[in-house]
Structures are given as C-alpha cells and as structure tokens.
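The values are calculated or read from the model by the stated rules, or taken from the named source; none is laboratory data. It should be emphasised that the depicted structure is a prediction, and the values quoted were computed from it without experimental measurement. Here the Cβ positions follow ideal geometry from the backbone for every residue, glycine too, while neighbour counts run over all protein chains shown. Note: areas computed on protein heavy atoms with side chains; ligands, DNA, RNA excluded. Shrake-Rupley method; radii C 1.70, N 1.55, O 1.52, S 1.80 Å.
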Amino acid sequence: MLTESEKQIFEKLKEGLMQVIDVDIERLGREDTAIEFLEKNISYLIDQYGMSVSRQQQIKIMYYVVRDFVGMNEIEPLLRDPYIEDIGLDGTGIPIYIVHQKYGSMKTNITISDDKVLREFIIKLSERCNRYISYAEPLLDGSLPDGTRVQASIASDVTTRGPTFSIRK
C-alpha cells in the first residue's frame with residue numbers, strides 16, 4: 001500500500017502520464033512492451049519533476065501505474081487468480097464478492113466508495129470489451145480480449161445502489 005507521500009507522487013505521475021502519452025496503451029501490443037513504455041515515461045517524468053524517489057518507491061509506484069494503465073485497477077489481482085471464477089460488485093461502498101473454485105462465494109476487502117471512480121472503471125471495462133456504455137445505453141454485455149464475459153450497468157435508474165459489474169472468467 002502506498003504511503004501518503006507516495007500517493008501524492010503517484011497522482012502527480014499519473015496526471016503527467018496522461019499529458020505525455022500520445023498512444024493508446026492497448027495498441028502497443030504485448031503487455032511487456034506496454035510496461036516498458038510506461039517505465040520509460042515514469043523515469044522521464046520523475047526527472048522532469050525533479051522528484052526524489054528511491055528505487056524501492058519507484059518499483060512500488062510502478063506496480064500501481066501498471067495496474068491502472070495496463071491492468072484493471074483494484075481487481076487486477078483477482079483477474080489473474082486462476083481459481084477465481086466470478087467477480088461481482090453491486091454498487092458503491094459494497095465489497096466486491098468473488099466465487100472461488102475451492103472456497104466458494106467470498107467477500108473481499110475491496111470496495112469502491114466513489115460513484116465517479118466506479119463509473120470510470122465501468123467505462124474502462126466497456127472500452128476493453130470494445131463496447132459503449134453511457135446513460136443513454138446503461139447496460140453492457142461483452143467480452144474482454146481473453147474471453148472473460150462482462151456484464152455491467154452504469155446508471156442508478158437501472159440499479160438501486162449505483163453502477164454494478166459482474167465478470168465471469
């Protein structure tokens with residue numbers, strides 16, 4: 001977990017990356033190519049901003065950069081776990097639930113408590129599915145590039161507790 005000072009550095013670098021990057025990360029192809037591209041740009045931004053960042057802090061911050069730019073934010077570790085079959089969230093402030101092959105249905109300690117952050121995540125999911133979701137079309141039914149199925153809703157008119165998603169691997 002990032003300390004408060006590391007969170008500030010991370011946010012500044014994330015903001016800088018959005019300004020510096022002029023390419024869609026997904027178009028870089030392989031994941032290792034995208035990570036190498038991000039590492040180069042993070043090092044560049046750290047130098048440009050004159051930040052004093054230890055190698056250990058840079059590695060830690062890079063995990064979050066890769067998780068958020070290449071991966072699927074907080075749920076990336078869940079997506080990579082081969083024993084997890086389903087991942088679901090029923091609104092803001094509610095823990096994410098998973099279905100594990102061995103342990104069954106389980107509540108995680110991951111929650112998304114901000115509607116805006118959750119909506120942005122659902123939009124990211126839809127983009128990865130090459131689909132469109134909006135208030136005019138509030139339901140998403142699609143597949144991620146690896147074949148994982150995704151269902152999501154973005155409008156509170158459709159759901160009672162805010163945006164929701166379900167991912168079946």
Read-out volume of the Cα convex hull per residue in Å³, derived from the coordinates shown; its label in (i) 223; (ii) 130; (iii) 119: (ii)
What is the chain's relative contact order, in percent, from Cα pairs under 8 angstrom and six or more apart in sequence? 16 percent
Rounded to the nearest 0.05, what FRET efficiency is calculated for D90 and R30 with R0 set to 35 Å and r the Cβ-Cβ distance? 0.55
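Any idea of the accessible area per residue across segment 28-78, 1.4 Å probe, to the nearest Å²? All intermediate terms of the calculation are to be shown ahead of the outcome.
Details: 2850 Å² over 51 residues.
Heavy-atom SASA per residue in segment 28-78 reads 56 Å².
Given a 1.4 Å probe and heavy atoms of the protein chains only, how would you sort V150, V53, largest accessible area at the top? Don't jump to the answer; show the numbers that get you there.
Values: V150 0, V53 30 Å².
Correct descending sequence by accessible area is V53, V150.
Between L79 and S5, what FRET efficiency comes out of the Förster formula 1/(1 + (r/R0)^6) with R0 = 41 Å and r the beta carbon distance, rounded to 0.05?
Details: r = 29 Å, r/R0 = 0.71.
Efficiency, rounded to the nearest 0.05: 0.90.
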Sulfur and carbon atoms: percent of accessible area, segment 34-109 [1.4 Å]: 49 percent
Would you kindly find the accessible area of E11, with a 1.4 Å probe and non-protein molecules such as ligands, DNA and RNA excluded, rounding to the nearest 10 Å²? 100 Å²
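Assuming R0 = 35 Å, what is the FRET efficiency of S166 and K14, from their Cβ-Cβ distance, to the nearest 0.05? Walk me through the intermediate numbers first.
Numbers: r = 27 Å, r/R0 = 0.78.
The calculated FRET efficiency here is 0.80.
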Of D86, D146, D141, ordered by accessible area with the largest first and a 1.4 Å probe, the sequence is D146, D141, D86
If the cut-off is 22 Å between C-alpha atoms, which lysines fall inside it for K12, apart from same-chain ones fewer than 8 positions away? K40, K60, K116, K124
Amide H contacts under 5 Å for T159, placed H, 5+ residues apart: none
Ignoring ligands and nucleic acids, what accessible area does R149 show with a 1.4 Å probe (Å², nearest 10)? 130 Å²
